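One structure is given below, encoded as structure tokens.
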Amino acid sequence: MLRYLTAGESHGKGLLAIIEGIPSNLSLSKEDIDKELKRRQRGYGRGGRMKIEKDKAEVLSGVRFGKTLGGPIGLLIENKDWGKWKDVLTSPRPGHADLAGEIKYNFDDLRNVLERASARETATRVAVGAICKKFLKEFNIDFYSRVIQIGPIADKRKWHPEKDFSSIEKSPLRCLKKGVEKRMKLLIDKAKKEGDSLGGIFEVVALNLPIGLGSYIQSDLRLDGRLAQALMSVPGIKGVEIGSGFASASKFGSDVQDEIFYQKEKKFYRKTNRAGGLEGGMTNGEPLILRAAMKPISTLRKPLHSVDLISKKSTLASKERADVCAVPAAAVIGEAVVTFEIAKVFREKFGGDSLKEIKRNYESYQKYVREK
């Protein structure tokens with residue numbers, strides 16, 4: 001019911017997205033999308049490209065007089081920096097798609113690979129996520145993200161997304177603890193000076209999800225798998241955990257499972273949320289908690305050893321304009337891809353062609369849940 005396609009290259013004329021399955025009569029403005037695009041471009045450690053591009057979306061179809069029509073929504077994000085389109089590259093960069101892509105598609109110019117493999121494509125996914133976020137807000141479902149680690153420096157402070165999010169949005173590293181943020185910035189400065197890069201870990205949280213999104217019936221319907229795939233598809237992401245994730249592996253089952261209680265006023269509830277809001281591939285009514293680990297950016301100002309495609313002689317990898325650290329941006333992108341997957345399973349469960357019809361179906365289901 002809900003799907004999207006993207007097109008475009010990093011230094012091509014622009015990026016395109018088509019999203020299909022958004023119901024009719026949803027209020028949607030260009031500003032709703034541009035706000036999320038702006039969030040993606042912020043962050044301490046970003047490269048010079050962000051000073052050139054001021055991402056804004058042009059809505060080409062699917063919206064009239066500020067309301068969605070129920071048909072495909074077409075989006076265009078223009079690239080200002082597309083002068084590199086003519087540059088030929090023959091020295092593959094370790095950690096990128098360059099070499100495998102060149103062999104797979106039979107190119108003699110790495111530019112043909114890196115232009116599409118570039119993380120620049122994620123601007124379209126953030127735009128798609130912005131539309132999905134606007135849709136799910138109609139059902140009081142909210143999404144938040146924050147950075148919890150840059151390199152070895154971690155911000156382990158517990159947070160309350162609704163309360164702390166404004167502070168996180170003001171932080172250049174999307175970090176909650178100011179003292180930790182200062183240490184992270186110094187580490188990024190050090191990496192920049194040395195021509196190196198840094199990765200880290202970010203967290204995405206979704207609140208007010210209904211019970212029963214996703215399914216245990218088939219493996220490809222399990223929401224945990226779909227969310228993991230969505231996050232892993234973001235360039236640079238190398239690990240995903242849900243809830244207590246990897247920490248659970250070192251504990252006894254009695255210390256990991258979330259016990260179930262019942263009160264007439266609360267109905268079924270839990271005192272802990274180590275499962276991260278997912279059990280058996282379905283939402284269980286608790287907050288959804290996801291974390292993703294991003295490797296350091298592969299393009300380095302101090303390039304690594306490589307081999308020239310044409311001469312086969314030893315050389316240094318190609319240098320492109322790149323970030324030193326993009327974890328804050330990755331957190332916003334993670335938010336977007338998670339939002340899309342939640343919107344997709346939401347549409348699968350509640351159906352409907354118009355916003356009014358979906359709300360009717362949703363309220364009927366919520367009434368059923370409240371009566372359990």
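Each reported figure results from applying straightforward, stated rules to the coordinates on display, with no laboratory input. From a predicted model like this one, the values you see are computed outputs, not experimental measurements. Neighbour counts are summed over all protein chains in view; Cβ atoms, including those assigned to glycine, are modelled from backbone coordinates with ideal geometry.
For the stretch 3-370, a crude dipole built from +1 on the beta carbon of Lys and Arg and -1 on the beta carbon of Asp and Glu, taken about the Cα centre, is about 1040 debye to the nearest 20. Estimated from the Cβ-Cβ distance and a Förster radius of 35 angstrom, the FRET efficiency linking ASP87 and GLU169 is about 0.45.
For GLN149, the amide hydrogen comes within under 5 Å of the amide hydrogens of ASP155, ILE201, counting only partners 5 or more places away or on other chains and with H modelled in the peptide plane. Note on ARG64 and GLN229: their simple-model spin labels are 3.5 nm apart, each label 7 Å out from Cα toward Cβ.
Entry note, the chain: relative contact order of 23 percent, from Cα contacts under 8 Å with a spacing of 6+ residues. Of the cross-linked pairs LYS163/LYS267; LYS30/LYS54; LYS67/LYS137; LYS158/LYS266; LYS137/LYS359; LYS238/LYS295, which ones have a Cα-Cα span greater than 18 Å in the structure shown? Result: LYS163/LYS267; LYS158/LYS266 exceed 18 Å. Here the gap between LEU316 and ALA7, fully extended at 0.36 nm per residue and compared with their Cα-Cα distance, gives a gain of 108.2 nm. Taking each residue as 0.36 nm, the span from ARG360 to SER27 lengthens on full extension beyond its C-alpha to C-alpha distance by 118.1 nm.
The separation of the stretch 120-148 from the stretch 163-227, counted between C-alpha centres, amounts to 13 Å. For the chain, the longest principal axis of the Cα atoms and the long axis of helix 355-370 meet at an angle of about 60 degrees.
Given the -39500 (n - 2.57) contribution per DSSP H run of 4+ residues, what per-residue ellipticity at 222 nm results for the chain, rounded to the nearest 500 deg cm²/dmol?
-10500 deg cm²/dmol
Per residue, the convex hull spanned by the Cα atoms of the chain amounts to 154 cubic angstrom. Net length available on complete extension from PHE261 to LYS372 is 38.6 nm, with 0.36 nm assigned per residue and the Cα-Cα distance removed. The C-alpha atoms of the chain define a longest principal axis, and helix 122-137 lies at about 10 degrees to it. Across the stretch 13-26, rounded Karplus estimates of 3J(HN,Hα) from the backbone phi angles (6.51 cos²θ - 1.76 cosθ + 1.60, θ = phi - 60°) give 6, x, 10, 10, 9, 10, 10, 10, x, 6, x, 6, 6, 8 Hz, Gly and Pro being marked x. Helix 327-350 and the longest principal axis of the Cα set of the chain meet at an angle near 40°. Annotation for the stretch 64-172: trypsin sites (Lys or Arg not before Pro) lying in DSSP loop with at most 10 further Cβ atoms inside 10 Å of their Cβ are LYS156, LYS158.
For the stretch 1-131, the pair-distance distribution built from all alpha carbon pairs, in bins 10 Å wide starting at 0, is 12, 38, 30, 16, 4, 0 percent.
Tell me, what is the FRET efficiency for LYS137 and ARG42 to the nearest 0.05, using R0 = 22 angstrom and their Cβ-Cβ distance as r?
0.55
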